[in-house]
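For reference, the structure is listed below as structure tokens.
The values are calculated or read from the model by the stated rules, or taken from the named source; none is laboratory data. A quick note: this is a predicted structure, and the numbers were derived from the prediction, not measured. Note that we place each Cβ from the backbone using ideal geometry, even for glycine, and neighbour counts take in every protein chain shown. Each accessible area value is taken on the protein alone, full model and side chains, heavy atoms only, with ligands, DNA and RNA left out. Shrake-Rupley method; radii C 1.70, N 1.55, O 1.52, S 1.80 Å.
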Amino acid sequence: MKTLRRYVFLEILGPFFLGLLVFSFVLITRATGKPLELLVQKNVTLQEVLLIFIYLLPGVLTFSIPMAVLLGILICFGRLSADSEITAMRSSGVAVKDLLLPVITFSSIAFLVALSNSTCWEPKVNYRFKLMKNNIALRSISTEVRPRVFEEQFSNQVLYLQDVTADKSRWNGVFLADIANKDKLEITLARTGYLISYPSERKLQLHLSQGAVHSVVNKSPEVYRLTTFDQTDIPVASVNGPPEDTLPTRISEMDIFELLQKEYSISTDGILAERDRRDRVVEISRRFALPFSVFIFSILGVPLGVIGKRGGKSYGFIVSLAVFLVYYLLFFQGVNFAKNGRIPASTGPWLANLVFLMLGIYLLSRADKHLQWSRSFQQLSTILSQRFLTVLQHRKRVLALHGLFSNLKSKQRQIRTALPLLIDKYVIKGFFAYFFLVLAAFIIIFVVFTFFELLNDIVENKIPPSVVFNYFRYFLPQIVYYMIPVSMLVGVLVNFGVLTRTSQIIAMKASGISLYRLSWSLLLVAALISFFSYALQEYILPSSNQKQDALRNVIKGRSPQTYSRPDRKWMMGKGTKIFNYNFFDDDRNLFGEISVFEFDPVSFEIKRRIFANRAIWAEGEKTWIFEEGWSYGFENQRTKEFQKFHQARFPEITELPQYFKKEVKESSQMNYKELLEYIEDLKRSGFDVVRLTVALHKKLSFPLVSLIMCMIAIPFSFSTGRQGSLYGIGLSISIGIVYWVTLNFFEQIGGAGKLVPFLAAWAPNLIFGASGIYLLFTIRT
């Protein structure tokens, strides 16, 4: 019995680590962009980037450990049942309940790890992660400031740079607007400058050379001040907030002992205090409920795995995802009820555990019996299978009546020619079975964790279920688009791996069928899937992403995004002009409180400054009419002319109303042609388009990833097929992680301007594509 229990324990171990790798991969891919973006910045070391990845792991493990436990138990008992080992154990007098000891032992170890993670590691890591982000941002903020872009990350200040040096250490053409006091807008211009940071004191200082300061009090031109300087230092405030020792600690950053101490030490008087107390109690219960779910899943997984006699590992994946989806829907609903005060705060996070515990105990108590519901389930499956076969036979008879099979029956030569086509169908059918299974698994995981991410906003903003459903409906194409390459990799590896392990590949080679001929069908399928990905990106994703972004803003409690952006306060005009306004009515083509700054492109000195309470477009005259304002002319940093006007026209301001109605979209909300036109338009307006150019090339490179993944998977599957499908899945996920990190790394390098955009988008494809071609030509056919 001791040997048997050890055997069951080890059988759970392999699928558990596989599930941990798969589920963690999906969650990590959602957060790889920012660490790699920091890596290409100045003053950020590789060690710090690796630390950031480590800091992301506890939050991932909170969810992936329970999922992996359920998957490991389901696959273990599903295999034992499929290989009739459960039947052999029963005939020897060993009941299913007798196998619970290794399951409970394994679950206890997982529970202790998950509990330590949720109560201690995760909150401490969250706090350290926040401090590290603040320190990195403070050190590298000078490298984050981009030229020809209005930077508003400084408190009450707007910064615009005409150009920067290659190492981003010095700036040329500095425009700084102090908007702290709306009645006293202060403009500082300088030929050169750079930013000095003091991380220990959390201070930033801007050092400027050869410039001037322009200021007007109460928008009155009679009180205009112009001060020149050769060198000056201006303190700037970062958005990163107060010093580290005064940073507030959020609930998610407190360990369990701090939460309990705060719970018993703070008064609960008042509505806000009561809400804070309820949130703390919910958080405490959540940190215990999620780790405890490993015991619930272990009790539930044993009977579910036993009844899946013929499902194999795919059955384990499907059932684990279905159980996990239902569990977390109940869990989220319980947390929602607890935060709203509908049920006790300490009970809400345990609602799902209670429901699944009762279900698991019931199924486990009947696991050794031939249950009526189990027989009914098997009978239903048999009936559906027979009906499906009947439909197929009927269809064959109909096709035969049309003479489509007559030539194959009469000509033996054509039968021999069609034989590889039958094999192709067999290979493709097996591939699609795994492909769609893995794709569905990734979709469910993404949906579940995205829902959890938005849960607090859904509860706080009282979002109706219809909005949440529509958000995920429009979010689904994006998930499919990103998960197709990994699903292709897993599908090919597992499919050919199974054929190799069962010696079917040897039989095909003995029949004279080359591995190249056998792989040709999947390469063709991969090319078609790549074409499908491109069509999905061009015709479906732009509109669906716009809608899901708008719904996400609603869920987050933001105002609906306006793509024409009339709220943009600062904008670069044609030539050497900067516009600033309080509002712009794009229907009436009307500005309110508009300022225009014309400056010399060489010395970066203001040549003219115009202010008007209103500016309206005169369609007949094709010009702007400025009303109730004034203008100053400057030469050599001195006032040259002054004009106060009731109405005025300035012919040099040639920007049409459409110039100020530029759409502001993400690259994911446009197809290739729209993005290309958008980039050209922004270039003419003086905006930085490096990241958008990388995204433009990526629209052509990313759909081909499916074909490249297929080229890599084919040789790997033939060489590692005998080690099992679990090994193939683990290997494919590992390759997927390496590719995803490489893809994000090159994208961040390209976005930082350190690599040509074309190479930044195509380098991962070139690297992995060359590797795939080499491996294809080195396999023994």
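Miscellaneous remarks
- For VAL602 and TYR672, a Förster radius of 41 Å and the Cβ-Cβ distance give a FRET efficiency of 0.60, rounded to the nearest 0.05.
- Distance in nm between pseudo-label sites at LYS661 and LYS184 (7 Å out along the Cβ direction from Cα): 3.9
- Of the peptides 278-291, 577-590, the ranking by mean beta-carbon count within 10 Å, highest at the top, reads 278-291, 577-590.
- Label-point separation in nm, THR192 to VAL149, each point 7 Å along Cα→Cβ: 2.5
- Applying 1/(1 + (r/R0)^6) with R0 = 60 Å to the Cβ-Cβ distance of THR347 and LYS644 gives a FRET efficiency near 0.25.
- Restricting the calculation to Cα atoms, the range 595-718 yields a radius of gyration followed by a Dmax of 23.9, 82 Å.
- Carbon plus sulfur fraction of accessible area for the range 519-655, probe 1.4 Å, in percent: 53
- The packing ranking of peptides 697-705, 642-650, highest mean first, is 697-705, 642-650, where packing means the average number of other beta carbon atoms within 10 angstrom of each residue.
- In the calculated pair-distance distribution of the range 467-551, the portion above 19 angstrom amounts to 55 percent of the Cα-Cα pairs.
- Estimated FRET transfer efficiency (ALA510, SER116; beta-carbon r; R0 51 Å; 0.05): 0.40
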